[in-house]
Amino acid sequence: MNLEESNSYNQEVESRDRKRRGVMLSIILCGVFIALLFIMICIISYQDSITEKFFINKNQTTKLNSSLYRNIEGVTYIDIRTLAETLGYRYTKGEYKKYNENEDSCYLQNDFEIVAITSGKCSYDKYIELAANAKIAEIPVTVKGDTDTSETYKTETPIMFVNGRIFVPLDSVPKMLNVKISWEEFRKKIYTLDMVVQSAQATVVKAGYTEMSGYYENLRATLDDIVIVGDAEAATTNIGNTSKYYGVYSTAKRQEIISRKYDDITYIQNVGEFYITVENGTMGLFDAEGGTIIEPSEYEKISLLYESTGENDEGEKKEQQQFYLVQKGQNYGVVGRKGQVIIHSDYDKIGLDPKIVDEFTLTPIESTNVLFDNCIPVEKDGNVGLYNKQGIELQKTNWQGFGYKSTASSKTAGNEQSVLLIPPEVGVKGIVVNFNDSYGIFDTVEERLIVPCVYSKIYAITQGGKTTYYMEYNEQTIELKEFLIENNLNKFDEEGKLLNKKDTKNNSSNTENTNTVNEENENTNTVEDIVIE
């Protein structure tokens, strides 16, 4: 090989080496680039995964952010106005059905219902009120129950008013706004009732059902993974008529929990139970698992009368109870959670008429059916009486009514206010009762008449933001609070807390100094002698 060939060969080898090095460098650079890109993607993905995001029906929304919620005493609370308005509710401040602008109260309204909320309470109320041609997931919506009655929902912790905003516990939001919520650290997902019903439709179709109940009450059941389903086809009865039968399907368990053999089924959202109707027109009550609470054999109508607070006067926890109003013919009674009869169906009315109660605005009334969480008013032939929640008759129906109503002239002349309930801050949890146009006070804790029906008036006057309660006897005005203390009848302090026995005087110690008042009619409760100055 000559010199010229040798140089050419060396150049060729060097050229190939350069190309090889270039290719290797390119591969290395590509690898580094890919590695950097992968690292960047991982960093971006990680940053995205730890960035808080809010979703409504799988779509991210920028209308919600971390200001939506806050931690109060270890409990997550939600700014209800922000969330409700994002979900299409109209927010109105003030108490529902009352003309005030209280910022610590509000009500929310959409095309289906109204939610009434007041801070400080461990409950809220809902009223079903459908707009015309209302639909959910393209299902025409109707209402089964009465729209003029409220549904009361309990919360584990009280509703709060903080910096001009109302906050509700996170765990109360699903039933309050009819949504499902997945609440993770960086992903907050909210699914509306429309979306949940669509998903339930797909599930029951796969299970072989072709009909869902269109009652609004029943569509809300899908939030609890429950669907009220109907027959695939109308069944023919013995006389040739057609009818449909309904049952309950659990989308979580993928099975029927109530068989399709009932004429009608209505879901009770606030307690998670079912009213069922059979072919003879009687109603029954089943629990969430399909167990029988009240057998459909004798009552033509059943509705939730009252749910107990689960707490006594000393703040101690106790078992919550539900009580149901039952109707047999034209008469009404009360049945307990286990189907036991509390009050036999012998009465024309159970509870107080809400329209009448609206005339007594002085003391908030938690329930018109069970006063002070103990006494159930009953009415027969125009007269009224009382039972307690254990079904003990506290007073036969021989009173003429409950409460003292101020006249137009007394309101104008002396600023008198009508009184139905005596609040514990005065000394007792009392009910003003009327016998022969004279008034007395029934103590709901001691379950007896502590002030006989001999007073011409029991009223209140509010001045300078302070409310004082008075009674009139033989044209003498008596301040109620002082009267209760002097006669050792007070059971609560000025903050409404239950007094210990050692904090009250022994009633028997003053018996020698008491004056006797006129005894009441022999049909009314007897009372101890009390002082009237």
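The values are calculated or read from the model by the stated rules, or taken from the named source; none is laboratory data. All figures in this text were calculated on a predicted structure; none of them were measured in a lab. With ideal geometry, Cβ positions are generated from the backbone for all residues, glycine too; neighbour counts draw on all protein chains shown. The protein model used for the area step is the full one, side chains on, heavy atoms only, and it has no ligands, DNA or RNA in it. Shrake-Rupley method; radii C 1.70, N 1.55, O 1.52, S 1.80 Å.
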How about region 282-295: which of its residues are open to solvent by less than 30 Å² (accessible area, probe 1.4 Å) and assigned to a loop (DSSP other than H, G, I, E, B)? Thr282, Gly290, Gly291
Which residues, taken from region 257-281, are of a type in the set (S, T, N, Q) and in a strand (DSSP E or B)? Ser259, Thr266, Thr277
Which residues, taken from region 170-194, are of a type outside the set (D, E, K, R), modelled with pLDDT of 95 or more and not in a strand (DSSP E or B)? Leu170, Ser172, Val173, Pro174, Met176, Leu177, Asn178, Leu193
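A quick yes/no check of all residues on (1) within 18 Å of the chain's Cα centre (by Cα); (2) open to solvent by less than 80 Å² (accessible area, probe 1.4 Å):
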residue	(1), (2)
Val32	no, yes
Ser45	no, yes
Thr62	no, no
Ser66	no, yes
Ile80	yes, yes
Leu83	no, yes
Asp104	yes, yes
Asn110	yes, yes
Ile114	yes, yes
Within the set of pairs 6+ apart or on separate chains, which have a first residue in region 76-91 that is within 10 Å of Leu177 (Cβ to Cβ), a second that is of a type in the set (Phe, Trp, Tyr) and open to solvent by less than 10 Å² (accessible area, probe 1.4 Å), and C-beta atoms under 8 Å apart? Ile78/Phe167; Ile80/Phe167
I'm trying to understand the selection: among the residues of region 364-391, which are surrounded by fewer than 20 Cβ atoms within 10 Å (Cβ to Cβ), closer than 19 Å to Ser418 by Cα and in contact with a Leu (Cβ under 8 Å, 6 or more places away or on another chain)? Ile365, Thr368
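This table checks each residue for (1) buried (at least 21 other Cβ atoms within 10 Å of the Cβ); (2) farther than 30 Å from Glu393 by Cα.
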{"residue": "Asn415", "(1), (2)": "no, yes"}
{"residue": "Leu420", "(1), (2)": "yes, no"}
{"residue": "Asp443", "(1), (2)": "yes, no"}
{"residue": "Leu449", "(1), (2)": "yes, no"}
{"residue": "Ile458", "(1), (2)": "yes, no"}
{"residue": "Ile461", "(1), (2)": "no, yes"}
{"residue": "Lys466", "(1), (2)": "no, yes"}
{"residue": "Glu475", "(1), (2)": "no, yes"}
{"residue": "Ile485", "(1), (2)": "no, no"}
Given the criteria part of a strand (DSSP E or B) and charged (D, E, K, R), does Arg70 qualify? yes
Residues within region 85-100 that are open to solvent by 40 Å² or more (accessible area, probe 1.4 Å) and assigned to a helix (DSSP H, G or I), tallied: 1
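Each row is one residue, and each column tells you yes or no for (1) modelled with pLDDT under 90; (2) farther than 29 Å from Thr282 by Cβ.
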site: Ser303; (1), (2): yes, no
site: Lys349; (1), (2): no, no
site: Lys355; (1), (2): yes, yes
site: Leu371; (1), (2): no, yes
